[in-house]
Amino acid sequence: MNKTELIAAMAETADISKAAADKALLGCLEAITDSLQKGEKVTLIGFGTFSAVKRNARTGRNPQTGKAIKIPAKTVAKFKAGSKLADALK
């Protein structure tokens, strides 16, 4: 499913226009992004938890040459599925 299909499904489920569903989705994603940038967790009970995790710098290998390269430290987004979502996928 891509963004357009998600917006259409949201509009149909909530009985709202696609424009309203688009605004709602963008607002939701913006709020999640802002919270993660502040280092906060976003928990949607039953669905899952979004969090920002710091990765340490490490040494990797270039797959083409085999030469060692330094991979810098960075912060990445992490998602852990909630119980209802996990059960729905069994």
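Just checking, does region 12-26 include any residue being part of a strand (DSSP E or B), surrounded by 13 or more Cβ atoms within 10 Å (Cβ to Cβ) and of a type in the set (Val, Ile, Thr)?
No, region 12-26 has no match at all.
Find the residue count for region 56-70, including only residues that are in contact with a Ser or Thr (Cβ under 7 Å, 6 or more places away or on another chain) and in contact (Cβ under 8 Å) with a residue 12 or more places away in the chain.
Adding up the residues that qualify gives 1.
Starting from region 1-17, keep only residues that are farther than 14 Å from Gly27 by Cβ and at pLDDT 95 or above, then list their pairs with residues that are not in a helix (DSSP H, G or I) and not acidic (Asp, Glu) whose Cβ atoms are within a distance under 8 Å, requiring at least 6 positions of separation or different chains.
Listed by first residue and then by second, the contacts come to Ala9/Met1; Ala11/Ser17.
Looking only at residues in region 47-84 that are polar (S, T, N, Q) and within 19 Å of Leu36 (Cβ to Cβ), which one is surrounded by the most Cβ atoms within 10 Å (Cβ to Cβ)?
The selected residue is Ser51.
The values are calculated or read from the model by the stated rules, or taken from the named source; none is laboratory data. Just so it is clear, the model here is predicted, and its values are computed rather than measured. Every residue, glycine among them, receives a Cβ derived from its backbone with ideal geometry; neighbour counts consider all protein chains shown.
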